[in-house]
1. Which members of the stretch 69-87 meet the condition of being under 14 Å from Leu36 (Cβ atoms), in contact with a Leu (Cβ under 7 Å, 6 or more places away or on another chain) and not polar (S, T, N, Q)?
2. Only residues in the stretch 417-440 that are in contact (Cβ under 8 Å) with a residue 12 or more places away in the chain and crowded, with 17+ Cβ neighbours inside 10 Å count as the first member; pair them with residues that are among the β-branched types (Val, Ile, Thr) and assigned to a helix (DSSP H, G or I), Cβ under 6 angstrom, at least 6 apart or cross-chain, and list the lot.
3. Are any of the residues in the stretch 177-188 closer than 28 Å to Val274 by Cα and not charged (D, E, K, R)?
4. Can you tell me which residue in the stretch 441-455 is modelled with the highest pLDDT, limited to those that are surrounded by fewer than 18 Cβ atoms within 10 Å (Cβ to Cβ) and within 21 Å of Leu374 (Cα to Cα)?
5. Give Ser358, Ser368 a once-over and let me know the one that is assigned to a helix (DSSP H, G or I) and of a type in the set (S, T, N, Q).
6. Based on this model, can you work out whether His113 counts as under 29 Å from Ser264 (Cβ atoms), loosely packed, with under 15 Cβ neighbours inside 10 Å and not assigned by TED's automatic domain parsing to the domain that holds Leu297?
7. Hand me the list of helices (runs of 4 or more DSSP H) wholly inside the stretch 257-330 holding 3 or more residues that are at pLDDT below 95.
8. For the stretch 365-381, state whether one or more residues are free of Cβ contacts under 8 Å to residues at least 40 places away in the same chain, surrounded by fewer than 24 Cβ atoms within 10 Å (Cβ to Cβ), more than 27 Å from Pro456 (Cα to Cα) and not assigned by TED's automatic domain parsing to the domain that holds Trp266.
Amino acid sequence: MNLVWLRNDLRLHDHPVFQHLAAQGECPGMAVVFILPQHWQQPTAEYPGLTRLGLARARFLRACLIDVQRSLYQQNIRLSLLGGDPVSLLRDWYAQQPFHLHTSVAQAPEEEHWLNAIAAFAPVSTYETQTLFSQQQLAELLSSDNWPDSYSAFSRWLDKHGLPGAIAAPLPPTMLSANPLEAPLKAAVQWPDHQLHQVPSWAGRVPATTFHGGEDAGLRHLAAYLGRENAIRHYRDTRNQLCTAPLSQADNPYAGSRFASQLSPWLAWGALSVRKVWADIVRWESLHGASEHNSWLKKELLWREYFHWALRLKGSALFRNPAPQPFADTRWQAWCEARTGYPVIDAGLRELIHTGYSSNRMRQWLASFFIHELKLDWRLGARFFEQHLIDADVASNWGNWAYIAGCGQDPRGGRCFNLNKQLELYDPHLTHLRQWLPELSSVTLSQVQQHQSGGPTLPLWPAATCAAPAAPTHS
């Protein structure tokens with residue numbers, strides 16, 4: 001029998017595994033499984049109090065699973081949901097019902113460990129499901145000696161070899177035909193218990209999340225962004241905004257229009273194929289013409305590609321880890337409670353914890369503040385993001401944190417932001433800040449900047465937990 005193990009490829013469109021099995025004709029038996037690793041919900045001494053599956057992330061994942069489960073059921077295929085150690089569960093399954101395992105290639109060292117262990121007792125076939133390019137296309141680079149040490153060098157190599165124009169078209173929708181089988185063992189998934197998580201007092205006064213997991217929701221989001229909304233037309237101009245500008249901002253030509261693509265949650269879980277996104281952007285170009293906006297969005301997809309292949313090639317050796325920072329409990333607690341005393345940071349933390357999402361610009365501010373102002377270990381911050389972000393994937397999340405910390409591949413040595421300058425540039429009307437800190441609805445930009453600089457403190461808000469930002473700074 002064939003066993004398909006879904007991980008971060010929760011879709012039926014452009015899915016090489018299902019395409020391969022469909023091409024074989026009717027299979028004697030097929031089962032599909034998703035395994036939620038038990039340790040994702042277990043804090044470790046290295047990351048105190050943190051798991052890898054917070055409430056928002058779990059909610060989005062469950063919606064993705066429900067959607068793909070429904071799609072498979074319509075083709076008479078069952079999706080089994082199991083919780084526990086993937087290697088142990090699949091070993092027990094194989095002992096009762098031998099299978100040929102079909103699954104995505106490993107994107108991270110943990111997944112590589114799983115697949116190597118499983119290959120010791122069962123036949124395993126792996127497929128590319130998460131990238132724009134194949135291993136064959138990047139063969140020249142996939143040597144430790146040849147891998148570029150920056151995204152810019154990677155991009156130049158791609159252009160030199162014409163690869164952005166050679167991305168394979170997404171595979172057509174798959175119709176499966178097989179004798180449906182289910183798991184011969186029981187290992188129920190244990191989801192995070194909402195009752196064990198205290199709802200903060202401010203939660204009832206902030207916007208509800210607008211992200212719904214699943215392949216269907218992701219495809220509709222992509223179609224709307226490129227079609228009805230046509231918001232890609234201003235992507236480069238608005239991608240650094242913190243939120244959608246309200247219609248009341250008459251001086252903003254993009255008021256009321258989506259400020260960023262926000263495709264990352266579906267890409268992270270594979271509910272959207274990155275090749276599908278790329279192909280649809282190219283199709284948009286054929287209708288409306290190429291511009292700096294769609295080119296910039298494609299650049300972001302190539303950044304994602306760079307992080308994915310770098311992690312796959314080098315694993316944890318990718319990061320030049322400094323010595324662990326002393327653990328500052330007071331500052332860590334203030335961060336976790338979104339009470340750092342920096343309103344711009346606390347607003348961003350509330351949004352992240354409540355919705356599981358944050359704009360790219362805000363993520364950079366949060367990481368810079370965590371590393372350079374709170375003086376906390378960047379790896380702790382990366383795990384905090386991984387717990388909460390609905391679009392967290394190991395390659396992009398850890399790659400970006402290492403970039404800000406100056407521990408990744410980029411030779412520039414980290415980035416430190418001046419928050420007062422950034423606030424004036426990207427939230428001068430305090431739209432985002434007031435949205436997430438309704439307690440400060442009447443304050444002015446100047447008052448916030450003074451508070452963050454150690455001047456007169458704002459009423460109803462704690463004083464800053466650390467000194468004001470200092471040079472070097474980047475805008």
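1. Result: Leu79, Leu81, Leu82, Gly83.
2. Leu419/Val344; Leu423/Val344
3. Applying the first criterion (closer than 28 Å to Val274 by Cα) to the stretch 177-188 yields 177-178.
Within this subset, residues satisfying the condition of being not charged (D, E, K, R) are 177-178.
Taking every residue of the stretch 177-188 in turn, at least one turns out to be closer than 28 Å to Val274 by Cα and not charged (D, E, K, R).
4. Let us first name the residues in the stretch 441-455 that are surrounded by fewer than 18 Cβ atoms within 10 Å (Cβ to Cβ), namely 441-442, 444-446, 450, 453-455.
Filter once more, keeping what is within 21 Å of Leu374 (Cα to Cα): 450, 453-455.
Numbers: Gln450: 92, Ser453: 89, Gly454: 86, Gly455: 85.
That would be Gln450.
5. After ruling out the rest, the residue left standing is Ser368.
6. Values: under 29 Å from Ser264 (Cβ atoms): yes; loosely packed, with under 15 Cβ neighbours inside 10 Å: yes; not assigned by TED's automatic domain parsing to the domain that holds Leu297: yes.
Taking the combined requirement at face value, the residue satisfies it.
7. Details: elements: 264-268, 274-288, 292-314.
By residue number, 292-314.
8. yes
The values are calculated or read from the model by the stated rules, or taken from the named source; none is laboratory data. On a predicted model such as this, the values are computed, not experimentally measured, just so you know. Every residue, glycine as well, gets a Cβ built from its backbone with ideal geometry; the counts of neighbours run over all protein chains shown.
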